[in-house]
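Everything below concerns the one structure shown next.
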């Protein structure tokens with residue numbers, strides 16, 4: 001999965017460069033952002049990040065009627081702390 005994110009990052013960087021050369025600066029800026037974002041995901045996955053688990057719990061917290069449990073919140077916090085090391 002890490003390689004797929006790196007591939008997307010490189011593709012978006014290429015489009016950002018081409019867009020800039022053609023004076024399409026808005027498109028260049030958004031593609032450059034996504035290039036960096038996808039490269040960051042790849043770096044986190046390289047450190048053993050559990051992106052899917054974090055995404056599911058974040059979606060529950062933001063979009064579902066059910067509350068996140070104390071235990072789930074603690075585990076999420078521990079994952080984030082590991083990523084930050």
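Throughout, read-outs are computed from the coordinates displayed, never taken from laboratory work. All values derive from a computational prediction rather than experimental measurement. In this analysis, Cβ positions are derived from the backbone assuming ideal geometry, glycine residues included, and neighbour counts consider all displayed protein chains.
For the chain, the mean residue ellipticity at 222 nm estimated from helices alone is -28000 deg cm²/dmol, where every DSSP H run of n ≥ 4 contributes -39500 (n - 2.57) and the total is divided by all residues, rounded to the nearest 500. What whole number of Å gives the distance from the Cα centroid of the range 53-72 to the Cα centroid of the range 24-43? So the two Cα centres are separated by 27 Å. Angle of helix 51-63 to the longest C-alpha principal axis of the chain, folded into 0 to 90 degrees and rounded to 10: 80°. Working from Cα positions, state the angle (0 to 90°, nearest 10) between the long axis of helix 25-46 and the longest principal axis of the chain. Tilt of helix 25-46: around 40 degrees.
Test of understanding: what is the full-extension gain from residue 7 to residue 61, defined as 0.36 nm times their sequence separation minus their Cα-Cα distance? Could the numbers behind the result be given before it?
Working: separation 54, 0.36 × 54 = 19.44 nm, distance 3.03 nm.
So the extension gain works out to 16.4 nm.
Going from the residue with the fewest nearby Cβ atoms within 10 Å to the one with the most, 31, 66, 74, 51 rank 66, 74, 51, 31.
Calculated from the structure at hand, mean projected area of the Cα convex hull in nm² is found among (i) 5.4; (ii) 6.7; (iii) 6.3 as (ii). Mean sequence separation of contacting Cα pairs (under 8 Å, at least six apart), scaled by the length of the range 6-85, corresponds to a relative contact order of 24 percent.
Taking Cα atoms only, the orientation of helix 70-84 departs from the longest principal axis of the chain by about 40 degrees.
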